[in-house]
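No lab work stands behind these numbers, since they all come straight from the coordinates. Bear in mind that the values here come from a model prediction, so they are computed numbers and not experimental data. Cβ placement follows ideal geometry from the backbone for every residue including glycine, while neighbour counts extend to all protein chains displayed.
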Amino acid sequence: MSIAFVLISTVPGKEHEVYNKVLKINGVVEAHPLFGEYDIIVKLDMKDFTEIGEVVIEKIRTIDGVIDTKTLTGIKL
């Protein structure tokens with residue numbers, strides 16, 4: 001399994017709507033609202049990095065109200 005954290009910036013006033021839509025995406029194991037440069041952080045648990053990329057590009061970035069994302073991939077030490 002591959003883990004990634006996705007930082008999401010939203011249109012002001014769309015945070016709640018984006019948060020609720022993100023929670024419905026398969027592979028999302030956690031989502032938390034934030035204060036600061038990003039509005040939401042999402043933890044993904046997917047089969048591989050290709051699947052992470054597909055979810056970010058095809059599902060998260062296409063949500064109405066999402067302005068920008070930054071994806072951080074996890075590794076095992």
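Just going by the charge dipole of the chain, with Lys and Arg at +1 and Asp and Glu at -1 on Cβ, which of 27, 53, 8 is farthest out on the positive end?
The one lying farthest along the dipole's positive direction is 27.
Using the Cα centre of the chain as the reference point, and only Cβ charges (+1 on K/R, -1 on D/E), how large is the resulting charge dipole? Debye, rounded to the nearest 20.
The dipole magnitude comes to about 140 debye.
Per-residue ellipticity at 222 nm for the chain, helices alone: DSSP H runs ≥ 4 residues times -39500 (n - 2.57), over residue total, nearest 500 deg cm²/dmol?
Working: 2 runs with 15 residues, N = 77.
Rounded to the nearest 500, it is -5000 deg cm²/dmol.
With an 8 Å cut-off on Cα pairs and a minimum separation of 6 or more residues, tell me the relative contact order of the chain in percent.
Dividing the mean separation by the residue count of the chain yields 48 percent.
Charges only on Cβ, +1 for Lys and Arg, -1 for Asp and Glu: so what's the dipole of segment 36-77 about the Cα centre, in debye to the nearest 20?
With only Lys, Arg, Asp and Glu charged at Cβ, the dipole is about 180 debye.
How would 71, 10, 50 line up from fewest to most surrounding beta-carbon atoms within 10 angstrom?
In increasing order of surrounding Cβ atoms, one gets 50, 71, 10.
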